[in-house]
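Let me begin by presenting the structure, written as structure tokens, before commenting on it.
The values are calculated or read from the model by the stated rules, or taken from the named source; none is laboratory data. These figures come from a predicted structure and were not determined experimentally. Counting neighbours? That spans all protein chains shown, and the Cβs are built from the backbone with ideal geometry, glycine included. Quick note on the areas: whole protein, heavy atoms, side chains included, nothing else; ligands and nucleic acids left out. Shrake-Rupley method; radii C 1.70, N 1.55, O 1.52, S 1.80 Å.
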Amino acid sequence: MDSVKGQLTLRGILIGCVGCIIITAASVYTALKMGALPWPIVFAAIISLFFLKALGHGKASLNEANVTHTVMSAGAMVAGGLAFTIPGIWMLGFADQVGWFEMLAVALSGVILGLICTAALRRHFIEDADLEYPIGEAAAQTLIAGNAGGKMGLKLFGSMGLAGLYTALRDFFGVIPAMLLGNVSIPGVAFGIYNSPMLLAVGFLVGTGAVVVWFGGALFANFGIIVGGSAAGFWDIASAQGIVSSLGMGVMMGAGLGVIFKNILPKAVKMLKDTKGSIMLGAAAGTDDLPASGGARRRMRISAGLAACGVAAVALLICFGLQLGPIPALIVVALTWVATAMSAQSVGQTGIDPMEIFGLIVLLAVAAVSNVPQVQLFFVAGIVAVACGLAGDVMNDFHAGHVIGTSPKAQWVGQAIGAVLGAVVAVAVMAVLVGAYGPESFGPQGSFVAAQASVVATMVSGIPSVPAFAIGLAAGLGLYLLGFPSMMLGLGIYLPFYLSFSAFLGAMVKVVYDLVCKRRRAKLSPEEAAAKEKAQTETGLVVSSGVLGGESIIGVLVAFAAVFMGMGA
């Protein structure tokens, strides 16, 4: 593992901060205007490497570029966490009860909790669990190909260009429809194929087994509960949709609890007993392999103390600054650990970070045990969504760093810089937008549809089906403890059918690709077949990474165009 020196550099921080401001501002606008937020990580990786080489006369290491892109992309998911939750306050007519101070308190609370939680979770998800992290893998492969060039670089950037062109024709020019088979009407089911190269690539990269479980959950929820149950007269379609959303949230929550109980707590207890570590920033960010000398133990205690102070400061800010009260503040802090674990696993397996879902889960938990006003419930969802969004970004960056050999400590510091800067920028942009257009412009019928925040607004009254949620919670926990990928099952149950269907098609492309490659290796010698298999695997990975990168880049550029061309529309 390389040292921090030479990776976390002044020029890298400056380049990263400038990029962070631009990408965060564009991300806020994209999330509010289009109801979607593409990962900016690959885009940030390419830009970071380009400018570092330009300013360094061609001299820039992959690790420096990786840390720079970590700074650059961190604010986007902070923006997503705010944009996916807070506008619901404006939709319900409470705009006068939230200003820049409250939004900044929410953002910074989520940032601090997200950074502390992911520092503690890094070793399990990146080194022990060895999840795919398709977005982080795409960033790593982009840096490697961009640095090395050659045929592999041509494959990467060729697929990136084609995917980017396709996305531009779809999103900017409107030549290609965003949804295929959208005219097929099945009551209660969002049927169709989302015309997204990125989602197909995610299905390809995640693998057949996990995606089959994901798609199985979607079939069970949509055609079993909604279509089948309604046809049998067990419930109407509206009730069935409430059961499905509650069940899906429960299964995901159970899977998150399973991660904590099975994977995190036992290791944390063992580390404490061995006096070699604890839930702390320094150890989880790269110093946990040091010998337990007196100096190392002192640094560990200092890091653990700082982490504890950070959590305590957030709890006090939530309690008094946002006026939630002590019990809700403790619930938010405690359940954020579970939610960030859920987020880390979801991103690791699917590339999807349903941060607003995790915010909703904690919101509903707080509402169930305390009489918190509606506005404060949005604050709860916002804090958790920011923490989970940042967790997904951090873990993607850690995975890319694990592939390349970047210091986790350097990446964590870079992530902290970008996240804090992103919080300030995101709050400023949201305040400007609501001031310029008015709170009535946010909602399904407004200029800014803010689809996710609209969902949060409809859920503040409580869980649609408490029995279904309880069943899902027990099932998710039990299945995870038995080794079943219950998080994937929960995602399939909760997400719109067209998303799951599109990812499933990507997995089927992987099946066909593997069969074709296997036939081509059939007549080769064992040595030649092994070499060919390695090359074919790398090609599939690089091309899929390019497809992911192409849509991500154009998604960000479309956001730039929207900012400069559509602000006055």
Matching entry among 527, 551 (being buried (at least 17 other Cβ atoms within 10 Å of the Cβ) and at pLDDT below 90): 551
Meets criteria (modelled with pLDDT under 80 and open to solvent by 50 Å² or more (accessible area, probe 1.4 Å)) for residue 557: yes
Any hit, the stretch 213-224, residues being surrounded by fewer than 24 Cβ atoms within 10 Å (Cβ to Cβ) and outside any helix (DSSP H, G or I): no
Counted residues, the stretch 244-258 - those being surrounded by fewer than 24 Cβ atoms within 10 Å (Cβ to Cβ) and among the hydrophobic types (A, V, I, L, M, F, W, C): 1
Top-ranked residue in the stretch 176-209 [being more than 23 Å from residue 555 (Cα to Cα) and open to solvent by less than 30 Å² (accessible area, probe 1.4 Å); ranked as farthest from the chain's Cα centre (by Cα)]: 188
Boolean, residue 70 is open to solvent by less than 10 Å² (accessible area, probe 1.4 Å) and outside any helix (DSSP H, G or I): no
Evaluation of residue 166 against (1) among the hydroxyl-bearing types (Ser, Thr, Tyr); (2) open to solvent by less than 50 Å² (accessible area, probe 1.4 Å); (3) in contact with a Gly (Cβ under 8 Å, 6 or more places away or on another chain) (one fails), failing number: (2)
So residue 92, is it surrounded by fewer than 24 Cβ atoms within 10 Å (Cβ to Cβ), hydrophobic (A, V, I, L, M, F, W, C) and closer than 14 Å to residue 398 by Cβ: no
In the stretch 530-548, the residues that are closer than 30 Å to residue 44 by Cα, open to solvent by 30 Å² or more (accessible area, probe 1.4 Å) and among the small types (Gly, Ala, Ser): 535
Sole exception among (1) farther than 30 Å from residue 144 by Cβ; (2) open to solvent by 40 Å² or more (accessible area, probe 1.4 Å); (3) not in a loop (DSSP other than H, G, I, E, B) for residue 492, by number: (2)
Some residue of the stretch 331-344 being over 25 Å from residue 492 (Cβ atoms), surrounded by 24 or more Cβ atoms within 10 Å (Cβ to Cβ) and either out of contact with any strand residue (DSSP E or B) (no Cβ under 6 Å at 6 or more places or on another chain) or modelled with pLDDT of 90 or more (or both): yes
Enumeration of residues in the stretch 353-376 that are over 13 Å from residue 252 (Cα atoms), open to solvent by 10 Å² or more (accessible area, probe 1.4 Å) and either free of Cβ contacts under 8 Å to residues at least 60 places away in the same chain or part of a loop (DSSP other than H, G, I, E, B) (or both): 365, 369, 370, 371, 372, 373, 376
Where a residue in the stretch 535-560 is under 13 Å from residue 164 (Cα atoms) and among the aliphatic types (A, V, I, L, M) and its partner, wherever it lies, is surrounded by fewer than 24 Cβ atoms within 10 Å (Cβ to Cβ) and at pLDDT below 75, with Cβ under 9 Å and at least six apart: 558/34
Pairs where the first residue, in the stretch 155-170, is closer than 15 Å to residue 142 by Cα and the second is open to solvent by less than 20 Å² (accessible area, probe 1.4 Å) and at pLDDT 90 or above, C-beta under 9 Å, 6+ apart: none
